[in-house]
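Everything on this sheet refers to the single structure shown next.
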Amino acid sequence: MKLSVIAIAIAGAAAASAAAIAYSTRDAAPQARATPMPTRFDERAASVAANFRSEPLDPPFALTTADSLRGVLASDELAKMSVQTIDCRAKTCRVEIEDDGSGIVPLTLPMLMARMADTLPNVSAQRLEQPNGRATMVLYMSK
């Protein structure tokens, strides 16, 4: 079974500050910063999220797969991850994991993906920086 992973890193703080106005220390005239162009990673992340939001619900798949994910995430090796939500639809599950910077998430994600590879072989990951200095890893896992 092929396991494909697309790592998408989005700097939330950079995106939020893209429209910020900088003030020069020499004068009080504001200087508008150029808005960065969306990268192909940004575009891919937006596309994956939009596809998930529009995906219909298949209750048997959603319930069975969410239960499988919870079981895998409850295992000794993966229980250290702080899973915030699991939302499964017709062929895709969205999993939010809090990343406190301890290194647990990057070390255990490959194990999660390997254990779910038969059911959800395709994975797209997006890291969202939070204002509190932590991050949320959002996984879109699909069949």
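Taken together, the values in this text are just the output of simple stated rules run on the coordinates, not laboratory data. Keep in mind it's a predicted model, so treat the numbers as computed, not measured. For neighbour counting, all protein chains shown are included, and Cβ atoms are generated from backbone atoms with ideal geometry for every residue, glycine included.
Structure data summary
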quantity: ³J(HN,Hα) computed for each position of the stretch 130-143 - Karplus, 6.51 cos²θ - 1.76 cosθ + 1.60, integer Hz, glycine/proline x; calculated: 9, x, 7, x, 8, 9, 10, 9, 10, 10, 10, 10, 9, 8
quantity: Debye intensity ratio in log₁₀ form over the Cα atoms of the stretch 78-125, taken at each q of 0.20 Å⁻¹; calculated: -0.71
quantity: Cβ-based exposure ranking for Phe41, Phe61, in which fewest neighbours within 10 Å come first; calculated: Phe41, Phe61
quantity: Low-density loop positions, GluC sites (Glu not before Pro), the stretch 54-143 - DSSP coil, at most 14 other Cβ in 10 Å; calculated: Glu77
quantity: Local electrostatic count, Leu128, Cβ distance below 15 Å [Lys/Arg +1, Asp/Glu -1]; calculated: -2
quantity: Extension gain from Ala117 to Leu57, taking 0.36 nm per residue of separation minus the Cα-Cα distance; calculated: 19.5 nm
quantity: Cα-projected label distance for Ala50 with Thr85, points at 7 Å along beta-carbon direction, nm; calculated: 2.0
quantity: Kirkwood Rh, Cα atoms: Rg over Rh of the stretch 58-143; calculated: 0.96
quantity: Highest to lowest packing among 113-121, 43-51, scored as the average C-beta count within 10 Å; calculated: 113-121, 43-51
quantity: Per-residue HN-Hα couplings for the stretch 97-112 [Karplus 6.51, -1.76, 1.60; θ = phi - 60°; Hz; x = Gly/Pro]; calculated: 10, 6, 10, 8, x, 6, x, 5, 4, x, 6, 9, 4, x, 5, 4
quantity: Neighbour-count ranking [beta-carbon atoms within 10 angstrom, fewest first] of Val105, Val72; calculated: Val72, Val105
quantity: Karplus-derived HN-Hα couplings along the stretch 68-75 (A = 6.51, B = -1.76, C = 1.60, θ = phi - 60°), whole Hz, x at Gly and Pro; calculated: 4, 4, 4, x, 5, 5, 7, 4
quantity: Rounded FRET efficiency, nearest 0.05, which uses the C-beta distance separating Arg134 from Ser75 and R0 of 22 Å; calculated: 0.40
quantity: Spin-label model distance (nm) - Lys143 vs Leu107, 7 Å beyond Cα toward Cβ; calculated: 3.3
